[in-house]
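Here the structure is laid out as structure tokens; the discussion comes afterwards.
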Amino acid sequence: MRAPIAFVGSEVTRRVSQLGALARFFLDALGSFGTLPRAGRRVARHVLVNQIWFTALQAVPLVIVLSGLLSFLVISQAVRELGRFGATEIIGTLMVVAIVRELGPLLTALAVAGRSGTAIAAELATNKVMGEVDALEGMGIDPLHYLVLPRLGAAVVSVFCLIVLFDGVAIAAGLIAATANGMSTDRYFDVVLRSLAFGDAGVSIGKGLAFGAIIGTLPAFHGLRVGRAPTDVPIAAGRAVVGSIVAIFLCSALFVAVFS
Amino acid sequence: MALLRFEAVALPGGAVCDLAVPPNQVVVVSGPEDSGVGSLARFALGLEQPQAGRALVLDTEISRLPRAAALAFRRRVGYLPAGDGLLQNLTLHDNIALPLRFGTGLHEHDIEGRIRIILTMMHLTVVAMSRPAQVNEEQRRRAALARAVVFDPELVLMEQPFDGLTDRAAAELLEVARGGVAAGGSRRTVLITGQDLPHLLRARVDARYRVARDEVLREV
């Protein structure tokens, strides 16, 4: 009887201490902004721009397809079904609550976590395995400054911008779906804009920042914790993406609990 | 005064290292891989902490400095890690320029001028825009050494710098690390660690040490 309890206890302790290490890593990464040398800012900015190019701009087609298809399918079904009961009013709530506030940020973050989160973890793990992280330290360059901070910043900016794009495309695709199913443009904008509150935009922004921070931190954390074996690289990438997905869902649930 | 000193440093293999590297000297410490000789440079830079003893660079124990001060101090030392430690996603040119871009307030134009000189000196001009994976081992090692001396440091630490190189290439790299000749010997102080030193270079170093079972002995 004692063995299973001890196992559960040690597992819980391990998870909690890992959570603590992750929180400390995040705070260290944030704090490293204050110690970034003036000369290093130019280099860090260059890495940041490259990361935004990869994380945000290259993901634009994916986000447009996801958002457009989701919104088109949901709104065309809704107009058809709700129109039978004369309840097209609800389409506004459906668009704002389900797509703009909940699914938009969630799907965008999941897409970025799958695409860029794995890439960040694999890249940093390779840096570690190849001795590049030690070489940076040896040259007097803090890996947090050069590797982590720009990726964290880029993830936050990218996820936020992609969520805004997702919402914009969703509203446009919803309009196409609504008009194709016999709803007038004025009526569509009327019901959508009436349902859209300032708080919804705030929640969307908050989620963009939080999800971006998760995608910038977790993969970097797992990537830099590998040992010297090349086989650690795919393990780190796997942990990063699974951890990010779980954290994004938990964070999303937290937003629902706090702001609903 | 020694530029680099190891005081009763316990190597991972069990030997105790007590040695001083005087200024303008080239000192080699060799030993089998499991002796832990490869950790000496890491101890000196404070990247690793020995189980016992201490490593002093310019009378400073880097591992005891606050993080920002330790990072700044390391910029005064040239470090060529085992392998090469080049960043795979940067070209050789950008790898060499990285310490200057990150650690100095130099204008990009001045950095470019300095890099061009180093690339020419290291015979890397043709492959400067290639990434490490696209060039051969000797060129990677040359680029890594160029990066280590780009600040023109007083002290250079080299881990297994000549593995897999021809004697001629190794001699050339050693000359670059020495930085020319000064009144007291080399212009720079150099510590080389590794498993063995090519025969051709034995006459070109000032002192050779070998890790024996539990101590580090000077070779005659």
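Side notes on the structure shown:
- Folded to 0 to 90 degrees: helix B:137-149 orientation relative to chain B principal axis, Cα: 80 degrees
- Surface/4 estimate of mean projected area, convex hull on alpha-carbon atoms of segment A:2-259, nm²: 17.5 nm²
- Rounded to whole Å, the principal axis extents of the Cα atoms in segment B:121-173 read 30, 25, 18, largest first.
- Pairwise Cα inverse-distance average, inverted: Kirkwood Rh of segment A:106-239 (Å): 17.0 Å
- Across chain A, Cα pairs under 8 Å and at least six residues apart give a relative contact order of 32 percent.
- For chain A, the per residue solvent-accessible surface stands at 47 Å², with DNA, RNA and ligands left out and a 1.4 Å probe.
- Ranked by the mean number of other Cβ atoms within 10 Å of their residues, highest first, the peptides A:7-16, A:132-141 come out as A:132-141, A:7-16.
- Debye intensity ratio I(q)/I(0), log10, chain B, q values 0.10, 0.17 Å⁻¹ (C-alpha model): -0.43, -1.24
- Span-like helix ranges in chain A, DSSP H, alpha carbon extent 24 angstrom or more, Kyte mean at least 0.0: A:2-35, A:60-84, A:149-180, A:198-224, A:232-259
- Listed peptides A:32-39, B:169-176 by packing density, highest first (mean Cβ within 10 Å): B:169-176, A:32-39
- Averaged over the residues of peptide B:71-81, the number of Cβ atoms from other protein chains lying within 10 Å of each residue's Cβ is 4.
- Charged-residue dipole, Cβ positions (Lys, Arg, Asp, Glu), chain B about Cα centre, Debye nearest 20: 400 debye
- For segment A:85-195, the relative contact order comes to 53 percent (Cα pairs under 8 Å, sequence separation of at least 6).
- Inter-part distance where segment B:148-217 and segment A:3-31 are each reduced to a Cα centre, Å: 44 Å
- A cut-off under 11 angstrom between Cβ atoms defines the neighbours of B:LEU56, and their net charge, with Lys, Arg +1 and Asp, Glu -1, is 0.
- Environment charge of B:LEU124, counting only residues whose C-beta is closer than 15 Å and scoring Lys/Arg +1, Asp/Glu -1: +1
- Look at where the Cα atoms of segment A:75-143 and of segment B:93-123 average out, and the two centres are 38 Å apart.
- Peptides B:115-123, A:102-110, A:218-226 ordered by packing proxy, namely the average of other Cβ atoms within 10 Å per residue, highest first: A:218-226, A:102-110, B:115-123.
- Dipole magnitude (debye, nearest 20) for segment B:82-147, charges at Cβ of Lys, Arg, Asp, Glu: 80 debye
- Pairs of Cα atoms nearer than 8 Å and 6+ residues apart set the relative contact order; for segment A:138-260 it is 32 percent.
- Under a model in which nothing but the beta-carbon of Lys, Arg (+1) and Asp, Glu (-1) is charged, segment B:112-220 shows a dipole of about 220 debye around its Cα centre.
- Rounded to whole Å, the principal axis extents of the Cα atoms in segment B:82-147 read 31, 20, 18, largest first.
- Computed from Cα positions, the angle between helix B:92-103 and the longest principal axis of chain B comes to roughly 70 degrees.
The values are calculated or read from the model by the stated rules, or taken from the named source; none is laboratory data. None of the values given here were measured: they were computed from a predicted structure. Because the Cβ atoms are built from the backbone with ideal geometry, glycine has one as well, and the counts that use them run over all protein chains shown. Quick note on the areas: whole protein, heavy atoms, side chains included, nothing else; ligands and nucleic acids left out. Shrake-Rupley method; radii C 1.70, N 1.55, O 1.52, S 1.80 Å.
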